[in-house]
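Below is one structure, written out as structure tokens; the observations come after it.
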Amino acid sequence: MASNETTLDFSIVRDMRKRAGMTLEDVSKLCGITIAGLSKLERNQNMIELDTLYRLARVFGLSATDLLNLAESCSATKKDKDSYSSGPFHFDHIGFKGIDCFTATAKVGAKLSKPEAHGDEFEICWLKSGKLQINLPREKHLLEPGQALKFDAALEHTYEILEDSEITIIHLEKSHRF
């Protein structure tokens, strides 16, 4: 197993500080960590305690978990799409931890309802072209190009295609609410 120095990269703190237009002194005053301690942390020369992590994260409007996740995954992750069909819909899919992104195409008259495809997540449907209706238990929403709808994916729902459509669908785990 790799050491913490190679798996946690707190230089992200320097990037966030500079992006926020803050100096080491500004951050120090807000979180109570010495300038020397912050400087060492930004250069990955010391370890961070949980209380320090919490106080530092709050300066940037983050939870301690979010800051730790940033330090764990400073580099980008590249993936290739998966393509598949589900009923009359064709999907391209990319998934990362906590988020799944789909582009879908469907022809007029198509309907799709797949409650088994969802966990405890939000769904965002953004209509790029065409016209569709999303039917929820007690409401129906007509979407036209450029419009989006966010709803709890645990609700029974059906996509009903009223014109040939291109759709972007995002599944966002509720623990990743931003």
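The values are calculated or read from the model by the stated rules, or taken from the named source; none is laboratory data. These numbers were taken from a predicted model, which means no experiment stands behind them. Glycine also receives a Cβ, built like all others from the backbone with ideal geometry; neighbour counts cover every protein chain displayed.
For the reader, a short list of remarks on this structure follows.
- Pairs with Cβ under 8 Å, 6+ apart, first in segment 37-51 and under 11 Å from VAL13 (Cα atoms) and at pLDDT 85 or above, second in a loop (DSSP other than H, G, I, E, B) and among the β-branched types (Val, Ile, Thr): LEU41/ILE33; LEU41/ILE48
- Residue among ALA36, ALA57 that alone is loosely packed, with under 14 Cβ neighbours inside 10 Å, more than 28 Å from LEU132 (Cα to Cα) and of a type in the set (A, V, I, L, M): ALA36
- Of the residues making up segment 41-52, not a single one is in a helix (DSSP H, G or I), in contact with a helix residue (DSSP H, G or I) (Cβ under 6 Å, 6 or more places away or on another chain) and hydroxyl-bearing (Ser, Thr, Tyr).
- Scanning segment 111-133 for residues that are over 30 Å from LEU30 (Cβ atoms), assigned to a loop (DSSP other than H, G, I, E, B), in the same structural domain as HIS157 (by TED's automatic domain parsing) and at pLDDT 95 or above turns up nothing.
- Among the residues of segment 29-47, those that are more than 14 Å from MET16 (Cβ to Cβ) and under 29 Å from the mean Cα position of the chain (by Cα) comprise ARG43, ASN44, MET47.
- Screening segment 55-102 for residues that are outside any loop (DSSP other than H, G, I, E, B), closer than 18 Å to GLU173 by Cα and polar (S, T, N, Q) and picking the one that is modelled with the highest pLDDT gives THR65.
- Residue match in segment 107-121 (condition: touching a Lys or Arg at 6+ places or on another chain (Cβ under 8 Å) and closer than 27 Å to ALA64 by Cα): yes
- Screening ASP80, ASP9 for residues that are among the charged types (D, E, K, R) and either farther than 30 Å from GLU166 by Cβ or in contact (Cβ under 8 Å) with a residue 24 or more places away in the chain (or both) leaves exactly one candidate, ASP9.
- Restricting segment 134-178 to residues that are small (Gly, Ala, Ser) and not in a strand (DSSP E or B) leaves a set whose member that is modelled with the highest pLDDT is GLY146.
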